[in-house]
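As structure tokens, the structure follows; a few thoughts come after it.
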Amino acid sequence: MTALVTMAPQTLFMACAGLLVFGALTVIYIHCSGLGIGLFGCTAAWGVVAGAPPSVPLGIDAQPADILVLAALTAALFTLVSGPRPPCTPELGALAVLMLLVLGSLAAGAVAHGLQAAGNEARVSFLHVFGVAAYVAVARPGLDLLPAFRRVWIGLALLSALVALIGWSRYGIGSNSSQVLIDGRLANGRPVTAVAALLICQAALIMLVLGRRCARLLAGILLLVMVLLQHRSVWVCALVMVGGWLLLRPQHRLRALAGTAAAVAVATVVVLLGHGLALMETLAQSASDDRTMNWRVAGWASLLEQLRDLPDWLLGRPFGTGFARLGSAHAVIDVSPHNYYLQLLLRIGLVGLAALALLLVCALCRVGRRDSVGLLLWLLVLGELVFWITYAPGLTGGLLIGLLLRYAAETGLRRPGRAAPPPPVRTLPATALVQRPGRQENSHVPV
């Protein structure tokens, strides 16, 4: 109480405003889950357009996504306490284990290295991913969140494609190793990040699996944009997802493939008319450049040396330890490992990796591939797993995992081959057994 009296009026006003905003966000996430997912999409859109979002000093540098995830987790806890609880499944138990491991490593890192350093490491790839997944998995049971998910993904993909087109119009189509001068600084020649390129590819897959003919034509154009962005990891993800769709969904695939191929062919001709040989040379340069993979592999081997004893291998090192290692040219690198599986091993150990594997395997087995939504989730998750070899997920990765858990909880109990429960036996009243006039059957009525 004394602290409130001595607090500056401006600080007190900001604190009250922050509490009101947090309360309003929590109410939105409790009662309007579709709008809440849209807010996550807006945060991801900010990252596509403007890069890192602004931060608010609250003891640590808090970002808008941090506040949204905290409000969503508060809403999820409220739903679990007051509303109908989802069925207890192995995948939800694995998610709870992951959350406990992350919070334990964060607490240990805050003590050893400070809350800011530990929070920066844990923020996006752990707290955001598993926090968003937990909210989507338990929010308002029975509500279909697939339409909101679909709108967010397609909107983010179209926005990313627009940003890419604007960048190409200013600086040309650059390869993965080219650099351009932007505001007096050298930057990568690709206008959007690999995460945005993956969103474009995933939205194209959503249109292929769930969309109609016009949507499939747009999917072909988005796939061409994804190729021209020249993120090779996303190329591999596209091969896995689109190839899996062609193999696992034989119905009408020739007609759908023909429409998509026609859209890709027309868009390719238009692009080649403007760039021609220079574009082909750029694509060939991106496909053959192996320098990025070399320094990544060298860094991975160096990072594994941080795990010295059995507790480190089982539970990982605390957040805030850092990722300093020697690159291929013996230069010190302190960025993320560019391998999410290694990042999980370093921070939550083999126990965390096993929990994530249990979560994904159990959820995918419950979902199945018999309907379009199940097939779509299978392909999206497989593409995401390939993407994790070279990059870490963010908010959108958490949305995908949460949607997988939610759909598994709703449909996994209705497995193919399981006998349906017998229909209830309806007992007729005694008066219904009385013989009608003119009939010869036995009119005995049991008493």
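The values are calculated or read from the model by the stated rules, or taken from the named source; none is laboratory data. Because the structure is a prediction, the values reported are computed rather than measured. Here the Cβ is made from the backbone with ideal geometry for all residues, glycine too, and neighbour counts use every protein chain on show.
Observations
- Given (1) under 26 Å from Arg366 (Cβ atoms); (2) among the β-branched types (Val, Ile, Thr); (3) modelled with pLDDT of 90 or more, index of the condition Val27 fails: (1)
- Just one of the listed residues (Leu39, Leu80, Leu95) is more than 17 Å from the chain's Cα centre (by Cα), surrounded by 13 or more Cβ atoms within 10 Å (Cβ to Cβ) and at pLDDT 80 or above, namely Leu80.
- Annotation: of all residues in the range 42-52 being in contact (Cβ under 8 Å) with a residue 24 or more places away in the chain and not small (Gly, Ala, Ser), the one that is surrounded by the fewest Cβ atoms within 10 Å (Cβ to Cβ) is Val49.
- Among the residues of the range 8-26, those identified as within 22 Å of Val138 (Cα to Cα) and exposed (fewer than 13 other Cβ atoms within 10 Å of the Cβ) are Gly23, Ala24.
- When restricted to residues that are buried (at least 19 other Cβ atoms within 10 Å of the Cβ) and among the acidic types (Asp, Glu), the range 360-376 contains 0.
- Inter-residue pairs, beta-carbon under 8 Å, first within 15 Å of Leu39 (Cβ to Cβ) and without any contact (Cβ under 8 Å) to a residue 40 or more places away in the chain and in the range 143-161, second crowded, with 20+ Cβ neighbours inside 10 Å and not β-branched (Val, Ile, Thr), 6+ apart: none
- Among the residues of the range 330-359, the ones that are assigned to a helix (DSSP H, G or I), surrounded by 19 or more Cβ atoms within 10 Å (Cβ to Cβ) and among the hydrophobic types (A, V, I, L, M, F, W, C) come to 8 in all.
- Candidate set: the range 114-129, residues that are surrounded by 18 or more Cβ atoms within 10 Å (Cβ to Cβ) and not small (Gly, Ala, Ser); chosen: the one nearest to Ala409 (Cα to Cα): Val129
- Taken over the range 286-329, the residue count meeting the criterion of being of a type in the set (Lys, Arg), surrounded by 15 or more Cβ atoms within 10 Å (Cβ to Cβ) and modelled with pLDDT under 90 is 2.
- Here Gly114 passes the criteria (1) in contact with a helix residue (DSSP H, G or I) (Cβ under 9 Å, 6 or more places away or on another chain); (2) on the phi > 0 side of the Ramachandran plot except the one numbered (1).
- Among helices (runs of 4 or more DSSP H) entirely within the range 107-171, having at least 3 residues that are more than 23 Å from Pro393 (Cβ to Cβ) singles out 146-171.
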